[in-house]
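The values are calculated or read from the model by the stated rules, or taken from the named source; none is laboratory data. Predicted model, so just to flag it, every value in this text is computed and none were measured. Cβ placement follows ideal geometry from the backbone for every residue including glycine, while neighbour counts extend to all protein chains displayed. The protein model used for the area step is the full one, side chains on, heavy atoms only, and it has no ligands, DNA or RNA in it. Shrake-Rupley method; radii C 1.70, N 1.55, O 1.52, S 1.80 Å.
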Amino acid sequence: MPNSRSSQLSVFHRPVPRRQLLKVGSGLGLALSMGALPAIAHSAARRLTSLSNDPFTLGVASGDPTSDSVVLWTRLAREVLSEIGVYNDVLEVRWEMAEDENFSRIVRTGTIASTSLLGHSAHAEVRGLNPASVYYYRWHIGNVTSPAGRTKTAAAANDNNTRFEFAFASCQQYEHGFYTAYQHMAEEQLDLIVHLGDYIYERSWGENLVRAHEGPEILDLEDYRARYSTYRSDRDLLAAHASAPWVVTWDDHEVDNNYAAEIAEDDQTPEQLLLRRAAAYQAFYEFMPIRLPVGRQGPNMPIHRRLRFGKLMEMSVLDTRQYRSDQACGDGRKQSCAEHQDSSRTLLGAAQKDWLYNSLATADATWNVLAQQIMMASLRSQDEDGNQLWPMDIWDGYPYERQELLQYMDEVQTPNPVVLTGDIHSNWAADLKLDFDDLSSKTVGSEFVGTSITSGGDGQDMTDYGLGLLSNNPHVKFYNAQRGYVKATLTPQNWLSEYKVVDKVTEAGAPIQVRKRFAVEAGRPGVQEA
Ligand code: FE
Ligand code: CA
């Protein structure tokens, strides 16, 4: 790995105090933005009057809804600002939110000061909204108005809501295909879209590339910004962002394939990987509709968080990369070794684990979701000599922490735990067992693994690479390796997962179909074909 550029990373180390970046309300805007962030004077923000080109080409987005707030996002395109010589200025960007698509009933407006320190990204946390309500929003700068986005707040914590529809997606290698699945997802006008990681890829891989992202492996902040910008040039992805609020987490490729805490995949030192992580995490924040993660500083960015959607669902969003112990036995699919048997190894890290255990022990929603990256149900295989092989990058590689977590959920009787997973570019449905070696042992939860949007190319319906994954793992009920996403429909009685797949991603515009339906009955853990 070339590290000549790592000295450039250090300038991005300094955390930017958020208060200096915000300016909310003036005149009419102030009156309308009551309930939004406190007004902070920012005399330096420059108000542009006219732009010759549209700076909103990266789209609009919203995310992390609560029952009275949501984060609105946009980002001003660098080329457009540079062209008129204002990239290094602090710029005033205005947002407005309405109850209707025509913006005739505006309920909030405000302004944000965007700065090149954060790549002219704009995050507005709008508060004082009504629960379980659809809103429309758009941004203005100078004489230009952004496309409108649709968003939705969560139901109030104690609301007896009876229906919630969301989709989850992961793994969208830009070079491997077109984001057609997102076009179909956007049309569904969902309550929520969840992204489980590998939103960008840090380098090229595979052979059948249908479009290119620029440059070699990305390392510094400008590289990561450029990569996100390329991915966000896709209209189907923009449409999905504009169609519903998103909840995002990351997996490995937002930084470096299979990195673990400060351990790089290749030959970067921990010091170098931490600088790279600081750059990658900052770019992630800049491009995502999320609140500023509490405690973000340099390479540290805690993004695990809890979201609640009435009594129907609570979602714990996890990060299984930033705090994990290095993969055991040299990573890959390996026989167990002494390192693998070390019960002190962790995926979650101590602080996140305490926080999660607290969530699980106090959970009182009907459906309690773990939105995370890597497959939790065991997916062991056997080599020709009958030796068990463990995939070391997923929960199988951390068997003690998995066992502890599943036992804990059983002990504290977390109602209806459902684990959502991305990462492995294939669809699976599985029972989470107290003992994966004993099919008759108790099922304590259900897992739905969603396939990739594009990663791996067109894929195929059923192939398990000759590993015997279904026959070796009878707790696994379904496997498919086409591309698409999973739509989940929740009621107080039932969870329905629909595995939606497209015929092709190497050609744009493919139709989508439901390949399979799996359900969970409330009060009865485990997946059933529906
Ligand atoms: Fe991936
Ligand atoms: Ca991954």
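A few points about this structure:
- Along each principal axis, taking the top coordinate minus the bottom one, the Cα set of the range 408-530 gives 48, 35, 22 Å in descending order.
- Intensity falloff of the range 164-216 expressed as log10 I(q)/I(0), Debye formula with alpha-carbon point scatterers, at q = 0.17, 0.21, 0.27 Å⁻¹: -0.61, -0.82, -1.09
- Across the alpha-carbon atoms of the range 384-459, the computed radius of gyration and Dmax are 14.4, 42 angstrom.
- Evaluated over the Cα positions of the range 33-152, the convex hull gives a direction-averaged projected area, one quarter of its surface, of 7.1 nm².
- Residue among G422, I394, L439 farthest towards the positive dipole end of the chain, charges placed on Cβ: G422
- Amide H contacts for K477 (H built 1.01 Å from N in the peptide plane; partners 5 or more residues away or on another chain; cut-off under 5 Å): A429, A430, D431.
- Cβ-based net charge around T451, under 10 Å, with every Lys or Arg adding one and every Asp or Glu removing one: +3
- In terms of the mean number of neighbouring beta-carbon atoms within 10 Å, the peptides 129-142, 379-392, 355-368 order highest first as 129-142, 355-368, 379-392.
- Rg and Dmax of the range 70-216, both derived from C-alpha coordinates alone, stand at 18.4, 53 Å.
- Listed residues V144, N53, L91: farthest to the positive end of the dipole of the range 33-152 (Cβ charges): L91
- For the chain, cysteines whose Cβ has no other cysteine Cβ within reach (under 4.7 Å): C171
- Overall size of the chain from C-alpha positions, given as principal axis extents largest first: 72, 56, 44 Å.
- With every protein chain in place, the range 33-152: carbon and sulfur % of accessible area (1.4 Å): 45 percent
- Cβ-based charge dipole, the chain, positive-most Cα from Q189, A278, S325: Q189
- Size of charge dipole - the range 33-152 - debye, nearest 20, with Cβ of Lys, Arg +1 and Asp, Glu -1, no other charges: 100 debye
- Where both bridge residues fall in the range 33-152, DSSP classifies roughly 95% of the beta bridges as antiparallel.
- Residue-normalised accessible area of the chain, given per residue in Å² at a 1.4 Å probe: 37 Å²
- Helix-only mean residue ellipticity at 222 nm for the chain, each DSSP H run of n ≥ 4 adding -39500 (n - 2.57), per residue, nearest 500: -5000 deg cm²/dmol
- Given +1 at the Cβ of Lys and Arg, -1 at the Cβ of Asp and Glu and no other charges, the dipole of the chain around its Cα centre is 2140 debye to the nearest 20.
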